[in-house]
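Take a look at this one; I'll ask things after.
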Amino acid sequence: MQSRHESKVLTRAGDWRPGRTIGLTTAFALVTALMTWPQVLVLKTHAVEHQDVYFNLWRLRWIAHVIATSPADLFNGNIFYPETGVLAFSDAMLVEGVLAAPLFWLGVPAVLVHNLWLLGAIVASAVGSTLLARHLTGSTATSVVAGIVFGFAPYRFEHFMHMELQWTVWIPWAFWALQRTIESASWRYGLLMGVFVALQMASSVYYGVFLILLVGIVGTVQLVAVPRAQLMKIAGVLLLGGAVAVCASWLYSRPYTAASTQVGFRSLDEVKTFSARPADYTVATPTNLLYGESLGRPERRLSPGFLAVVLALVALILLPPTPTLVAYLIGLAVAFELSLGANGRLYPLLYEHISAFRGLRAPARASVYCLFFLGILGAHAAAALTRTSSLRIRSVVSAVICAGMLFEYRVAPMHLVSYPNDPPPLSRVLARLPAGIVAEFPMPKRNAPPHHDPRFAFMSTFHWMPLVNGYSGFYPRSYLNRLARVSGFPDAESVASLRRENVRYLIVHADGYPEGERQRIVERLLELGVKGLGDFEDGWSVATLMELQ
């Protein structure tokens, strides 16, 4: 079933034990703090400046709120009123939200929860990848290479504002369970594999869709070398795990399938925009201190670094082509091809025949699996280079390699801004008023970036009234039509349209308009019979709260 070399490695590696991860987790937590400096100094109040941070906060707080009040309405968020199922217009981050809910119930500040979950995902991903590499290579010291590549390559900083894209937590464990299933034919590990795949799907739909495909390919390649006497048993156990993953993913996909009838799918032209090209793998993020001057487009800065590629090549040169090594190399090739999206050959076929792929905007995100496989291959190379050396030599070599990688991956100090943990006076007033539908202005022009709506969505978590504004990966037609109807706001037609939608409260924010424009808008609304309720601080400037009668 395994080569003699692999059997020895597995014997030395042994099974994972929780106690072994304490030092490793501490080390990766320190590295994460340094690589994301100065985030660790302001965990409670600051995060990277991006509208998606507001969206992260809204999703986390909504899940905690709805679990405690009306679990059946889990996907019926309070934004994009009167639409239902709005949580499925983007990645719901269900696992992240469920795990964070107890902290919100205990009163932990929202920004602190957000940052702990963001940085914690990086730490956990690096630890998991390291433990998988240790299991495969038998070398504790050199396996850290896998964690460094998977945890801190430029891709992490490209998507630092996207919580769901940091949650690669379950990927290493899915492959660990796959390996243990092939080695032992144990039903327990087969079931664990399915559970880990399902958890990854519910943490990040992108990664879950890709993971089902890649686990299947890596597992199938390794089965080629399994003796016939054990093949059927192992295949049966793997099919059981696969069935668990597919069934759980199918159940989780139902709200997304329903949402697709409201918002549609991604066009192939849009997919092509966010499909990688081979040259993108030479581009780092602009904040990278070593390579940051290179040009590149958002979503397509995919450099794994020079050392990671060199180590992968060393692994191919020095190591015999064992089934596991070949399987992970093929996994790397498939992940690379997936990331090419519409520029490749595989993704267009998947897009045509599997609806899940038609809901994904950015195939380039499959490149995170290139990092995963490169890290595993790099750990194999480091282990091979030091196999006859003492533990001290292996540790020194590993430390030098990891230091070199971190030097490649280091970025300029993070630019962070403050986010509110407490409701401003405007939100406190709204929370005390009778329930009603809220519309906040300025609204974006149709086909224009939604500058303020992400913030409005988050601030609605302090009163939980239904909001006609919204922000997500997809936008429903009702929202887009509304933007067209109120494009002349505050004219009579816009106000009449809002009345027909039963909007009760209007909020006009000063910071969204030129100086003095808010007062002019309020005066016009008063002329149209809208009742003024007062001016209140909204956390950024002053806003006027009004009521449609």
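When a/c reaches 1.5 or more, the comparison of a/b and b/c decides; with that in mind, is segment 233-320 rounded, prolate or oblate per its Cα gyration tensor? Write down the numbers at each step before the final one.
Numbers: a/c = 3.30, a/b = 1.26, b/c = 2.62.
Verdict is oblate for segment 233-320.
Place a point 7 Å from Cα of Ser389 in the direction of its Cβ. Which residues in segment 117-140 have their backbone N less than 14 Å from it?
139-140
Under 15 Å between alpha carbons, and skipping anything fewer than 8 positions from Lys44 in its own chain: which aspartates and glutamates qualify?
Excluding near neighbours in sequence, the set is Asp422.
Moving to a separate point now. Based only on other Cβ atoms within 10 Å, what is the fewest-to-most ordering of Val411, Val400?
Numbers: Val411 21, Val400 11.
Going from least to most buried by this count: Val400, Val411.
Turning to a different aspect of this structure: Indicate, rounded to the nearest 5 percent, the antiparallel portion of the DSSP beta bridges found entirely in segment 425-547. Each step should come with its number before you reach the end.
Numbers: 11 of 17 bridges.
So the antiparallel bridges amount to about 65 percent of the total.
Sorting check: for 311-317, 35-41, 412-418, which peptide has the highest mean count of neighbouring beta carbons within 10 Å, and how do the rest follow? Don't jump to the answer; show the numbers that get you there.
Values: 311-317: 18.3, 35-41: 16.1, 412-418: 13.3.
For the peptides 311-317, 35-41, 412-418, the packing ranking is 311-317, 35-41, 412-418.
Run the dipole for the chain about the Cα centre, Lys and Arg Cβ at +1, Asp and Glu Cβ at -1, nothing else charged, and hand back the magnitude in debye, nearest 20.
Working: 44 positive and 34 negative charges, 357 e Å.
It works out to roughly 1720 debye.
Would you mind giving the average projected area, over all directions, of the Cα convex hull of segment 362-488 in nm² with one decimal? Before the final figure, lay out each step's value.
Working: hull surface 53.8 nm².
About 13.4 nm², averaged over all directions.
Also, quick follow-up: So what's the convex hull volume per residue for the Cα atoms of segment 425-547, in Å³? Write down the numbers at each step before the final one.
On the way: hull volume 12.2 nm³, N = 123.
Taking only Cα atoms, segment 425-547 has a hull volume of 99 Å³ per residue.
Which whole-number percent gives the relative contact order of the chain, counting Cα pairs below 8 Å spaced six or more residues apart? Before the final figure, lay out the partial values.
On the way: 923 pairs, mean separation 101.3, N = 549.
Answer for the chain is 18 percent.
Taking the mean number of other Cβ atoms within 10 Å as a proxy for protection, how do you rank 477-488, 361-372, 239-250 from highest to lowest? Display every interim value, and only then the final one.
Values: 477-488: 15.9, 361-372: 25.6, 239-250: 17.5.
The peptides rank, most packed first, as 361-372, 239-250, 477-488.
Okay, helix-only estimate at 222 nm for the chain: each DSSP H run of n ≥ 4 adds -39500 (n - 2.57), divide by all residues, round to 500 deg cm²/dmol; what do you get? Before the final figure, lay out each step's value.
On the way: 24 runs with 322 residues, N = 549.
It lands at -18500 deg cm²/dmol.
Still on this structure, I have one more. Among the aspartates and glutamates, which fall within straight-line cross-link reach of Lys233, defined as a Cα-Cα distance under 18 Å, with same-chain neighbours fewer than 8 residues apart omitted?
Counting by Cα, and skipping residues close in sequence, Lys233 has these aspartates and glutamates nearby: Glu183.
So for segment 109-222, what are the equivalent ellipsoid semi-axes in whole Å, largest first, each being the square root of 5 times an eigenvalue of the Cα gyration tensor? Present the calculation step by step, with values, prior to reporting the outcome.
On the way: eigenvalues 123, 58, 30 Å².
Semi-axes from the Cα gyration tensor: 25, 17, 12 Å.
Could you tell me the relative contact order of segment 170-256? Use alpha-carbon pairs under 8 Å, at least six residues apart, and round to a whole percent. Don't jump to the answer; show the numbers that get you there.
Values: 92 pairs, mean separation 33.9, N = 87.
In percent, rounded to a whole number, it is 39.
Checking the a/c ratio against 1.5 first, then a/b against b/c, what shape does the Cα gyration tensor give for the chain? It would help to have the intermediate numbers written out before the result.
On the way: a/c = 2.26, a/b = 1.94, b/c = 1.17.
Taking the square roots of the gyration eigenvalues as a ≥ b ≥ c, the chain is prolate.
Give a quick list of GluC sites (Glu not before Pro) in segment 268-342 that DSSP marks as loop, anything other than H, G, I, E or B, with at most 11 other Cβ atoms within 10 Å.
Numbers: sites: Glu270, Glu293, Glu299, Glu337; in loops: Glu293, Glu299.
Here the sparse-neighbourhood loop sites are Glu293.
Could you order peptides 376-386, 253-263 by the average number of other Cβ atoms within 10 Å of their residues, highest first?
Working: 376-386: 26.2, 253-263: 17.4.
Order by mean packing, descending: 376-386, 253-263.
Let me know the volume per residue of the alpha-carbon convex hull for segment 59-110, in Å³. Write down the numbers at each step before the final one.
Values: hull volume 3.9 nm³, N = 52.
Enclosed volume per residue, from the Cα hull, is 75 Å³.
How large is log10 I(q)/I(0) at q = 0.19 Å⁻¹ when the Debye formula is applied to the Cα atoms of segment 116-180, each weighted equally and without solvent?
The computed values of log10 I(q)/I(0) come out as -0.67.
None of the figures in this text is laboratory data; all of them are computed from the coordinates on show. Not measured: the values here are computed from a predicted model. Don't worry about glycine lacking a Cβ; one is built from the backbone with ideal geometry, like all the others, and counts go over all protein chains shown.
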